[in-house]
Amino acid sequence: MANMTEIRSRMKSIQETMKITNAMYLISSTKLRKAREKLDATAPYFELLQSTIKDILFHSPDINHTFFDQRKKIKPEDKKRGYVVMTADKGMAGAYNHNVLKLAQERLAQGNDNTLFVIGQMGRKYFTKKNVRIDMEFLYTAQDPSMWRARNIAETLVDLYRKEKLDEIYIIYTKMVTPLKAEPEIIQILPLKRQSFEEMNVELEKYHKIADYSPSPKVVMDHLVPNYVKGLIYGALVESFSSEQNARMMAMQGATESAKDMIRELSLLYNRARQAAITQEITEIVSGAKAFQKK
Amino acid sequence: MGKTFYLEITASDRKFYNGECEMMIFPAIDGEQGILPNHESMVTAVKTGALRFKVNGEWKEAAVGDGFVEIMPEFVVLLADTVEWPDEIDIRRAEEAKERAQERLRQKESQKEYYHSKAALSRAIARLKVTGKHL
């Protein structure tokens, strides 16, 4: 049986750790609440954005624009693909980072010419170690997503796409499927695919025919698509951020729970050790006294 | 055929306005554009600027960011990065932003920076315009 001071110091150290995990739990739960509010506030915008774009595409099947150019001349294995990977800035969030990175790794294996745009320190560290090509000027944090950041990111990406430095652009992020479940997801941002909008089953009945683009379809698309990309990135940032906080909250809750369990077990051991020590002392005293009496 | 159409204005962070409207004037790519009920269906882009719409004979003003608008005979959907009422705008902040942008424009900047500064300037001017403090 371990000795009492040992057990006591162990309990103390677990208690300290528990304080930290508990504090992190509280912090991430408040952050999560804020992130959720943001997510709820943006949701109507995204639904409308997607349904409107879908509607526009639906009614203009013959639009010929760079943003719709699938660049079929280039063989699929030679395409220059860009991936925006959204990870957290720190760990302690269960499998959150791991899931995103795993999906990214799988996708990277499919092509030869990949460029990564990593958001968040965890992902950047991971891919630097693996010697994958990362755009080093692309430095953004995953904390507190803002429209301003989304605007800069979208601008960089659209620019690279237009200059044909990238042929396809994807986002890998974590989606909040239900308030308790988050899953890594991959979406293609450019070029726009018609069926990808149809998959996003947004209600269509509300919208009918569109007669005109003012001043011309090209000009409208030039403005509309970067705007759409920006909105999409903003949405993904918000989703990722709230998934991260959610994952961290759950992980820290689990950690606090197991710390409590360990303390419970250790205090049992401690009491037993204490009891044993007392019993031993009594036996010693009694036997000593007896030996004295016999004399 | 009523004298109003249904107007829906949504910003990236909230639903801004939902309701009947008699007329709307928004900043399009090539100048301001007015919409009356039973307008021909159309899709166009919105530029940063001042948006005006008339509800019950009363004009309302707001500052809009970049976005786009879908116009149908019975309804209009306007989607923009930001939409703000005049009383939500911090005038001093907008003035500072305007000066900052003008200062940056005087310096030699890269093309990208130049566009950023110009966009920032037009946002600041749009905000000042709807608060009535601009010239």
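The values are calculated or read from the model by the stated rules, or taken from the named source; none is laboratory data. What you are looking at is a predicted structure, and each value in this text was computed from that prediction instead of being measured. Cβ coordinates were reconstructed from backbone atoms using ideal geometry, including for glycine residues, and neighbour counts include every protein chain displayed. Calculation scope for accessible area: heavy atoms of the full protein, side chains included, ligands and nucleic acids excluded. Shrake-Rupley method; radii C 1.70, N 1.55, O 1.52, S 1.80 Å.
Scanning segment A:91-123 for residues that are more than 16 Å from A:Ser240 (Cβ to Cβ) and in a strand (DSSP E or B) turns up A:Asp113, A:Asn114, A:Thr115. Being surrounded by fewer than 20 Cβ atoms within 10 Å (Cβ to Cβ) and closer than 29 Å to A:Ala142 by Cα is a property that holds for A:Gly254.
Yes/no per residue for (1) over 21 Å from B:Glu20 (Cβ atoms); (2) acidic (Asp, Glu); (3) open to solvent by less than 30 Å² (accessible area, probe 1.4 Å):
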| residue | (1), (2), (3) |
| --- | --- |
| B:Asp66 | yes, yes, no |
| B:Pro73 | no, no, no |
| B:Val77 | no, no, yes |
| B:Val83 | no, no, yes |
| B:Ile89 | yes, no, yes |
| B:Ala101 | yes, no, yes |
| B:Ser117 | yes, no, yes |
| B:Ile125 | yes, no, no |
| B:Val130 | yes, no, yes |
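Answer yes if at least one residue in segment A:252-273 is of a type in the set (Ser, Thr, Tyr), free of Cβ contacts under 8 Å to residues at least 60 places away in the same chain and not in a helix (DSSP H, G or I), and no otherwise. Taking every residue of segment A:252-273 in turn, none turns out to be of a type in the set (Ser, Thr, Tyr), free of Cβ contacts under 8 Å to residues at least 60 places away in the same chain and not in a helix (DSSP H, G or I). Among the residues of segment A:113-162, those identified as β-branched (Val, Ile, Thr) and under 18 Å from the mean Cα position of the chain (by Cα) are A:Val118, A:Ile119, A:Thr141, A:Ile153. If you go through segment B:102-113, how many residues are more than 14 Å from chain A (Cβ to nearest Cβ) and part of a helix (DSSP H, G or I)? Selection size over segment B:102-113: 5. Being closer than 27 Å to A:Ile263 by Cα, surrounded by fewer than 18 Cβ atoms within 10 Å (Cβ to Cβ) and more than 14 Å from every other protein chain (Cβ to nearest Cβ) is a description that applies to A:Arg8. Taken together, the residues in segment A:32-42 that are within 10 Å of another protein chain (Cβ to nearest Cβ) and either more than 11 Å from A:Val238 (Cβ to Cβ) or open to solvent by less than 40 Å² (accessible area, probe 1.4 Å) (or both) amount to 2. When B:Ser117 is tested against (1) more than 17 Å from A:Asn227 (Cβ to Cβ); (2) away from chain A (no Cβ under 14 Å); (3) at pLDDT 85 or above, just one condition goes unmet, and that condition is (2). The residue of segment A:172-190 that is most open to solvent (accessible area, probe 1.4 Å), among those that are over 17 Å from the mean Cα position of the chain (by Cα) and at pLDDT 80 or above, is A:Gln188. Within segment B:1-45, the residues that satisfy the criterion of being touching a helix residue (DSSP H, G or I) at 6+ places or on another chain (Cβ under 8 Å) and of a type in the set (A, V, I, L, M, F, W, C) are B:Ala11, B:Ile29, B:Val43, B:Ala45. When A:Ala142 is tested against (1) within 13 Å of chain B (Cβ to nearest Cβ); (2) aliphatic (A, V, I, L, M); (3) part of a loop (DSSP other than H, G, I, E, B), exactly one condition is not met: (1). Is it true that some residue in segment B:29-47 is on the phi < 0 side of the Ramachandran plot and more than 13 Å from chain A (Cβ to nearest Cβ)? Yes, segment B:29-47 contains at least one residue that is on the phi < 0 side of the Ramachandran plot and more than 13 Å from chain A (Cβ to nearest Cβ).
Selection of segment B:48-94 for residues being charged (D, E, K, R), part of a loop (DSSP other than H, G, I, E, B) and more than 14 Å from chain A (Cβ to nearest Cβ) yields only B:Asp90.
Remark: pairs (first residue in segment B:72-98, among the acidic types (Asp, Glu); second residue open to solvent by 60 Å² or more (accessible area, probe 1.4 Å) and in a loop (DSSP other than H, G, I, E, B); Cβ separation under 6 Å; 6+ apart in sequence or on different chains) = B:Asp81/B:Asp66. Looking only at residues in segment A:116-155 that are of a type in the set (S, T, N, Q) and closer than 17 Å to A:Glu106 by Cα, which one is modelled with the lowest pLDDT? Looking at the filtered set, the residue picked out is A:Asn131.
Between A:Lys79, A:Lys73, the distinction of being free of Cβ contacts under 8 Å to residues at least 40 places away in the same chain and closer than 29 Å to A:Val132 by Cα belongs to A:Lys73 only.
Considering only residues in segment B:6-35 that are among the β-branched types (Val, Ile, Thr) and open to solvent by 10 Å² or more (accessible area, probe 1.4 Å), the one that is nearest to the chain's Cα centre (by Cα) turns out to be B:Ile25. Taken over segment B:7-21, the criterion of being away from chain A (no Cβ under 11 Å) and not aliphatic (A, V, I, L, M) is satisfied by B:Tyr17, B:Gly19, B:Glu20, B:Cys21.
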